[in-house]
Amino acid sequence: MARTRRKRALAMATALLTFAALLTGCSPGFAGLRLRIAAGNPGGVYDTLAQTLATAWQSGLDIERPQVLQTQGSPDNVTKVLSGAADVGFVAADVAADTFKKNPGLRTLARIHDDYLHIVVRTDSAIHSVTDLRGKRIAIGLPASGVEYIASRLLQAAELTGSVSTTTTRGLEDSVKALLNGDVDAFFWSGGLPTPLIAGQNDTKSLRLLDIADQMPRMQTLNQVYGTASIPASMYNQDGPVTTLLVPNFLVVPAAMSDDVAEALVRGLFDARAELARANPAALSIDVHPGIETQPIPLHPGALRYYRAQKD
């Protein structure tokens, strides 16, 4: 009888050890994993969200805090991801889609937040449409930035390439100052709603946004990711709502990233939604359901595994 009890106890212990081993196998560790996140300019939306996400991934995956790389923006970020200089990148969907046509080695983790195109002039300006920009001085964002990228596409769609007086590359703060000082006639910006620097300057109604409804059909021909959106009048103290262009933002990774890592990164992203939203209101739109909408860029298989598990 005693021998039988010992055999049963040994069998039970063996079974428990086997089960524990299986559990360990289903939850791979990430010791030694080092990540680099291509973000953007210091203090920008990409950089703010990347800093918060780096802390969340450090805690959730029990890894060294990922390095946040300060970059020029989307074109720079996608180049870094594909070259191996970064592991994850914040990239505007138009830049990602155009890059994917040339390099199919790009994959997405999630659609995160949407940006709205702002074309800003002074309230007393005679510029009331995109075509009125002909012969004018325009600030089009920082070099190699997503703003410069989308500004170039819009000037192309409006057949204004080479027809403006001058284009200058400036960041948002410099663009606002240059417009108010009369150094430029208009500037481009792509960002969330509201963009605080623009909203803060417009308490006295010194700035006005251009409506680009007439340009949207051509823009959507250039890139299928562009959507049409309306900026409410109250957002920037305007006389009426403004139709503009919406472009999503993606988290992108190389196709060679392991499925387990990609799945863990997506899980960490959605687990950190509250922290991300506190860091920047743009993150309020981060959610599982729109997260899968990354066409025409395929989701990474590890990310797809996460989303499928949410339906179970």
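The values are calculated or read from the model by the stated rules, or taken from the named source; none is laboratory data. This is a predicted model, so every value here is computed, not measured. Quick reminder, even Gly has a Cβ in these numbers, built from the backbone with ideal geometry, and neighbours come from all protein chains shown. We work out accessible area using only protein heavy atoms, side chains counted, and drop any ligands, DNA or RNA first. Shrake-Rupley method; radii C 1.70, N 1.55, O 1.52, S 1.80 Å.
Quick notes on this one:
- Scaled to the globular estimate 2.2 N^0.38 Å, the Cα spread of region 36-77, given as radius of gyration, is 1.12.
- Our Cα-only numbers for region 49-98 put the radius of gyration and Dmax at 11.8, 35 Å.
- Over region 97-214, the Kirkwood radius and the radius of gyration, each from Cα atoms, give a ratio Rg/Rh of 1.00.
- A simple packing score, the average count of other Cβ atoms within 10 Å per residue, orders the peptides 81-87, 178-184 as 81-87, 178-184, with the highest score first.
- Cα→Cβ-extended label distance, 7 Å offset, between GLN295 and LYS177, nm: 4.5
- Using a probe of 1.4 angstrom and keeping all protein chains present, the accessible surface of region 53-115 works out to 37 square angstrom per residue.
- Per-peptide packing, taken as the mean over residues of other Cβ atoms within 10 Å, places 103-111, 247-255 in the sequence 247-255, 103-111 from highest down.
- Each stretch of four or more DSSP H residues adds -39500 (n - 2.57); spread over every residue of the chain, this sum gives -12500 deg cm²/dmol at 222 nm.
- Region 187-312: mean projected area of Cα convex hull, nm²: 9.8
- Surface composition of the chain: carbon plus sulfur atoms contribute 53% of the solvent-accessible area (1.4 Å probe, protein chains only, all chains present).
- Placing unit charges on the Cβ atoms only, positive for Lys and Arg and negative for Asp and Glu, gives region 31-88 a dipole magnitude near 60 debye about its Cα centre.
- Between ASP260 and ASP287, the distance separating the two model label sites (each 7 Å from Cα on the Cα→Cβ line) works out to 3.3 nm.
- Ordering of 92-98, 289-295, 41-47 by burial proxy (mean other Cβ atoms within 10 Å per residue, highest first): 92-98, 41-47, 289-295
- Computed E for LYS101/ASP124 - FRET, C-beta separation, R0 45 angstrom, nearest 0.05: 0.60
- For the chain, the Cα gyration tensor yields ellipsoid semi-axes of 47, 18, 17 Å (square root of five times each eigenvalue, largest first, whole Å).
- Fully extending the segment from ASP271 to ASP203 would add 20.8 nm, taking 0.36 nm per residue of separation and subtracting the current Cα-Cα distance.
- Sorted largest first, the spans of the alpha carbon positions of region 248-312 along the three principal axes are 31, 25, 20 Å.
- Over 26 Å apart at the Cα level, from the set LYS80/LYS136; LYS80/LYS177; LYS102/LYS311; LYS136/LYS205; LYS80/LYS311, are LYS80/LYS136; LYS80/LYS177; LYS102/LYS311; LYS80/LYS311.
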